[in-house]
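Report on one structure; see the data block that follows.
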Amino acid sequence: MPSRLSVENLKSYFFTRSGLIKAVDDVSFSIEPGETLALVGESGCGKSMTALSLLRLLPEPGRIVGGEIHLDGKDLLRLPASEMRRIRGNDISMIFQEPMTSLNPVLKIGEQIAEALRLHRVTEPRQALTDAAELLDLVGIADPRRRLRDYPHQLSGGQRQRVMIAIALACDPKLLIADEPTTALDVTIQAQIMDLLLELKQQRQMATLLISHDLGVVAGNADKLAVMYAGQIVEQGKVQQVFTNPLHPYTRGLLNCVPRLGQKQDLPTISGHLPDLIKQPDGCLFIDRCPCPCTQCGNQAPAIEEIEPGHWVRCWRH
Amino acid sequence: MSLLEVKNLRKSFRISDSLGRTTGQLVAVDDLSFSLEKGEILGLVGESGCGKSTTGKLIMQLLKADSGQVFFAGKELSGLSSRQLRSHRKQVQMIFQDPFSSLNPRMTVGAILSEPFVVHKLAPAAQIRNRVIQLMEKVGLSAEHEQRYPHEFSGGQRQRIGIARALAVEPQLIIADEPVSALDLSVQAQIINLLKKLQQDHNLSYLFIAHDLAVIEHVSDRIAVMYLGRIVELTSAEELYRNPRHPYTEALMNAVPTPDPSHPRPVALKGEIPSPITPPSGCHFHPRCPYADDHCRRSAPNLVELGKDHQVACHHHQQVGKYLIREK
Ligand SMILES: Nc1ncnc2c1ncn2[C@@H]1O[C@H](COP(=O)(O)OP(=O)(O)O)[C@@H](O)[C@H]1O
Ligand SMILES: Nc1ncnc2c1ncn2[C@@H]1O[C@H](COP(=O)(O)OP(=O)(O)O)[C@@H](O)[C@H]1O
Ligand code: SF4
Ligand SMILES: [Mg+2]
Ligand SMILES: [Mg+2]
C-alpha cells in the first residue's frame, strides 16, 4: 500500500536576482491516513514553501526542481495543471495562520463555505447552505444557521479559524495542511482549535501536516515530527522518539527554549539566527549556532541518517 | 512609596454605529487597582480584549480615564501640565508587539535611535553617535547595523531596536505590551533574557503584558490576572504557580502547552472570550467556569485579600485546584 502522502527528496528553489535560495532542499517524509506529521522550525526555514510545494502553488520565482510527491500513489508533479486544480479542490486543503487573509471580507461566510462545497461536488444552492450549516456545527460554531449570514469581521479570531477549517473540510480532504493554525490566537483558543483538529482527524482519518514553530503545541498533537532548519529536515521520527531522545542540537535548542510553568531560571537560547540561504557553506548549515561542532562539521555537510528504526538525524555528532 | 500606583481605574469607550451615532458603551477597564515597586516586574495576563493595552495606555496618559487615579513616584498624573506630562513620558516608556509599525521606515536605525537624544536634549550633538552605538550594543545589535533600515531586520532584531529606543531616555518604568507575542519561540527566549538582563542592570521596573501565562510566569515577580476589564487574581509568581485560587488562572495554566508528549494535552477553556459590550451577569467568568453556581450568576465577587499579598475575586476560591493538571 502506498502512503497517503509521500514526499521524496523534494527540492524547491527560488531563482532570485541576488542568487539561488534553496528554500526546500532534499526534504522527505510520509503521512498515513489518520496520522499527523508536525513540521517544526523557525520563521524562514522553509515550512510554508514545503506546504505550497505539495499544492504546486509556489510563489515566483520559486520552482520545484527535484523530487517526487505522491498522494495515494498518484505522482502530483506529473499531473497536468487541470488535474492538479481538481486535487486542490478535492483532496488537499490548507488552512493558514491568519484566516482573515484567505476569507473574502465582503462575502457572507455561508456563501464562502457553499462555494467550497460547489467546487467539490455540484450541489443545489439550498442544499449547499444546509451542508454549510452542518459543517459549522461540526467545527463547533454555535447557532450555525444564524452565523451563515455573518461577514468574517463579525467573528472572533478563533471563530474565523473554525470557519476556515469548515471550508477546508468542505471537500472532505485526504490531506489537511495546517500552516501555523493557532499562532495568532490566544492560548486558551489555541487549545480549542487543536482539540478540534485532533477530533476531526480521528473521525475522518485525514492525514494532517501540522506546521508550527512551537514544540509545545506539537507535543500533544502529532504522531510524527520533522524538524526543519535552513530548508532541510535535520531530525525526524515518532514524536515520542524525538522528544525523549532529541539527537540534533537544534532540536534540543528548540525544546529548551519553550517556557514552562514553574521554571524561573533563564531560558536557554539558540544563539544567532538562520543563515543566509544564498551563501551555502561547505559544511553543516547549523555550524554557526552549534554548541559543539567538530572539524568535520565545517568541511562536509552531514547526510540524514537513520539512528534507530524511524528516527533520522542530520548531524556528524549525534 | 510605590513607583507606580493605580487606584480604582476605569475606562469606558463609546460604541457607535456606521453613522457615528452612539449606540452604547463598553467598559474596557473596570475598577483596576495595583501597585508596582521600583525594580519590580509586574505581569499582566489575560485573553485578547480583556483590557491590558488600555491599562498600559492609561498609565502612559495616552488615554484619559473615566475615573480613578494613577500615581507615579507619588505624583498624581491627571493633574499634570503638558510640560510635566512630557517628563512623565520620558520616565515611562512603552514597547510594543510589533515594533515595525512604530519605526519610521525611511529612517536608518542610527537616525531612529538618535532622535530621543535630540528631542529630549540628552546629549551634546558630538556625543550622540557614541551613545547610539552603546545602546545598540546593549541590546545585542552590532554597530554595523547603524546605517540599515527597519525592513532589513528580522522580527527579533526589530524588537531589539524598539527596546533600544525605549532605553535611550533612561526611563524608570517600561510598559512592555506583548513584546514577544509575535516572535518565534527561539527568538522569544532571546528577547525575554535580554529584557530581564536590562531590568537587572538598570534596576528598571516593568509592567509586562502578555496573553501567555508561561511567559508571564517566567518573567514576573508578581502577576495580575485580568478577565474582561477586571483583575481576578493578584499575587506573586511563585504563589500563583503553587496555589492558584481563581478558576480562570487555573484554566490559563491548563491551557499552556508542555513540550512533552507524555504530559496530558492542554485542556481547552470552553467557550468564547466574552465581549465587554455584553458582559455576563454576576461573575463575568461564570459562563466558562466549571465551579459556577447560581450565586455566581447573580452576584459579582469582590477582589478579597486571602492572605499575605494574595488577592482573588471568586466566590468559590477554596475549591479551586480540583481541575488543575500538573506537570509530572
Ligand atoms: N517569494 C519569494 N521570493 C524569494 N524567496 C522566497 C520567497 N518566498 C520564500 N522565500 C524564501 O524561502 C524561505 C522559506 O520561506 P517559508 O517557507 O515561507 O518559511 P517558513 O514558513 O518556515 O517561515 C525564506 O527564508 C525565503 O528565503
Ligand atoms: N479606542 C477604542 N474604542 C472602542 N473600543 C476600544 C478602544 N480601544 C480598546 N477598545 C476595546 O476595549 C477592550 C479592551 O481592549 P484592549 O485593552 O486593547 O485589550 P487587550 O490589550 O487586553 O487585548 C476591547 O474590547 C477593545 O475592543
Ligand atoms: S465566582 Fe463563581 S463563576 Fe466566578 S470564578 Fe468563582 S466559581 Fe467561577
Ligand atoms: Mg510560514
Ligand atoms: Mg493588547
- [ ] State whether one or more residues within the stretch A:177-195 are more than 9 Å from every other protein chain (Cβ to nearest Cβ), away from ligand 4 (no atom under 16 Å from the Cβ) and in contact with a strand residue (DSSP E or B) (Cβ under 7 Å, 6 or more places away or on another chain).
- [x] no
TODO: Could you tell me which of the residues B:Val225, B:Val219, B:Val169 is touching a residue at least 60 places away in the same chain (Cβ under 8 Å) and farther than 30 Å from B:Ile133 by Cα?
DONE: B:Val225
Task: Hits in the stretch B:201-221 - residues which are away from every other protein chain (no Cβ under 11 Å) and more than 24 Å from B:Ile273 (Cα to Cα) - done: B:Asp201, B:His202, B:Asn203, B:Leu204, B:Ser205, B:Tyr206
Open item on the list: Quick check on the stretch A:155-174. Is at least one of its residues over 22 Å from the mean Cα position of the chain (by Cα) and more than 30 Å from B:Gln97 (Cβ to Cβ)?
Closed with: no
Open item on the list: With surrounded by fewer than 19 Cβ atoms within 10 Å (Cβ to Cβ), away from ligand 5 (no atom under 16 Å from the Cβ), farther than 27 Å from A:Ser156 by Cα and within 23 Å of the chain's Cα centre (by Cα) as the only criterion, which of B:Val312, B:Val304 stands out?
Closed with: B:Val304
Open item on the list: Among the numbered criteria (1) within 13 Å of ligand 1 (Cβ to nearest atom); (2) modelled with pLDDT under 95, which one does A:Gly89 miss?
Closed with: (1)
Task: Exclusive hit being over 17 Å from A:Val187 (Cα atoms), in contact (Cβ under 8 Å) with a residue 40 or more places away in the chain and in contact with a Cys (Cβ under 7 Å, 6 or more places away or on another chain), set B:His284, B:His246 - done: B:His246
TODO: Can you tell me which residue within the stretch A:240-262, out of those that are aliphatic (A, V, I, L, M) and more than 7 Å from every other protein chain (Cβ to nearest Cβ), is farthest from the chain's Cα centre (by Cα)?
DONE: A:Leu247
Open item on the list: Quick check on the stretch B:253-282: of everything there that is under 23 Å from the mean Cα position of the chain (by Cα), more than 7 Å from chain A (Cβ to nearest Cβ) and of a type outside the set (Ser, Thr, Tyr), which residue is farthest from A:Phe243 (Cα to Cα)?
Closed with: B:Ile277
- [ ] Under 6 Å between Cβ atoms, at least 6 apart or on separate chains: pull out the pairs that start in the stretch B:25-38 with a residue that is over 29 Å from B:Thr278 (Cα atoms) and end on any residue that is of a type in the set (Val, Ile, Thr) and modelled with pLDDT under 95.
- [x] none
Open item on the list: Out of A:Pro105, A:Pro173, I need the residue that is away from ligand 1 (no atom under 16 Å from the Cβ), more than 14 Å from chain B (Cβ to nearest Cβ), crowded, with 20+ Cβ neighbours inside 10 Å and not in a helix (DSSP H, G or I). Which one?
Closed with: A:Pro173
Task: Residue ranges of helices (runs of 4 or more DSSP H) in the stretch B:174-246 with at least 3 members within 16 Å of ligand 5 (Cβ to nearest atom) - done: B:213-219
TODO: State whether one or more residues within the stretch B:268-276 are without any contact (Cβ under 8 Å) to a residue 12 or more places away in the chain and more than 13 Å from ligand 3 (Cβ to nearest atom).
DONE: yes
TODO: Please tell me if A:Asp282 is surrounded by fewer than 16 Cβ atoms within 10 Å (Cβ to Cβ) and more than 22 Å from A:Asn9 (Cα to Cα).
DONE: no
TODO: Scan the strands (runs of 3 or more DSSP E) fully inside the stretch A:5-85 and keep the ones with 2 or more residues being more than 14 Å from chain B (Cβ to nearest Cβ), more than 28 Å from A:Cys257 (Cβ to Cβ) and within 15 Å of ligand 1 (Cβ to nearest atom).
DONE: A:5-16, A:19-31, A:62-71
Open item on the list: Checking the structure you have, find out if any residue of the stretch B:191-199 is of a type outside the set (S, T, N, Q), buried (at least 24 other Cβ atoms within 10 Å of the Cβ), within 12 Å of another protein chain (Cβ to nearest Cβ) and without any contact (Cβ under 8 Å) to a residue 12 or more places away in the chain.
Closed with: no
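The values are calculated or read from the model by the stated rules, or taken from the named source; none is laboratory data. A quick note: this is a predicted structure, and the numbers were derived from the prediction, not measured. So basically every Cβ, Gly included, is an ideal-geometry build from the backbone, and we count neighbours across all protein chains shown.
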